[in-house]
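Data block below; observations after.
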């Protein structure tokens, strides 16, 4: 049975009180730790780093934001392309003529763009004086339109490939730079105890972890978007092939 909001609140408060009563010393220790700043966290890394390390951190941040922006925008674009494909399969082929079918599609639809290219090819073919067959002319115009749509779907993918390739090395550079400064500071102080080494070296190694955290989503997003692009373009190519046949059968010039 589902608990109401007040019941869940009472249950959470009861559990917290029980934990505090079972271990008051542990609860006080948690409070003390929460009030104490972490000397080995991201904040300490930023505050204790020099200009080069801060530039590396900012660069990794920009690369991460850029890759997530590309992933989100490409997912939205691919979803629209697939929805346009479903709409074209229903509205375009349900019309009585090619022009009517194209008019039934949204102006921003890539399928409308390909359909208009085929219709324009049929209308302008007589001006070629039969130097090019209608079949070759329609194929060329439809394929050109499909290639243009494919080029637009590939935009931004190079960003993901670049981020996935170089961000681990950017993080590694930050690690090497941080360890160099840590060892320099240790050498100047003359103390190499574990408490002197753990902090600076650990903070430097965070750079490598950040680089990997930036690279992994970019690589996974690239492979996923590449597969979705192929799926969406297969739908568009199938539409172009059927449109080619429909354009040839809709004009008597196809027999020439």
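Here residue 206 meets each of (1) at pLDDT 85 or above; (2) closer than 30 Å to residue 59 by Cα with one exception, condition (1).
The residues of the range 105-134 that are modelled with pLDDT under 85 and surrounded by fewer than 19 Cβ atoms within 10 Å (Cβ to Cβ), listed by number, are 123, 124, 126, 127, 128, 129, 130, 131, 132, 133.
Comparison of 139, 122, 159 shows that the only residue that is in a helix (DSSP H, G or I) and closer than 27 Å to residue 222 by Cβ is 159.
Pairs linking a residue in the range 53-82 that is outside the structural domain of residue 227 (by TED's automatic domain parsing) and farther than 11 Å from residue 163 by Cα to a residue that is modelled with pLDDT under 90 and surrounded by 12 or more Cβ atoms within 10 Å (Cβ to Cβ), with Cβ atoms under 8 Å and 6 or more positions apart or on different chains, do not occur.
Applying a threshold of 6 Å to beta carbon distances and a minimum spacing of six or more residues, or different chains, the list of pairs starting in the range 83-100 at a residue that is free of Cβ contacts under 8 Å to residues at least 12 places away in the same chain and ending at one that is outside any helix (DSSP H, G or I) reads 95/104.
The values are calculated or read from the model by the stated rules, or taken from the named source; none is laboratory data. The structure presented is a predicted model; accordingly, all values stated were derived computationally and were not measured. For neighbour counting, all protein chains shown are included, and Cβ atoms are generated from backbone atoms with ideal geometry for every residue, glycine included.
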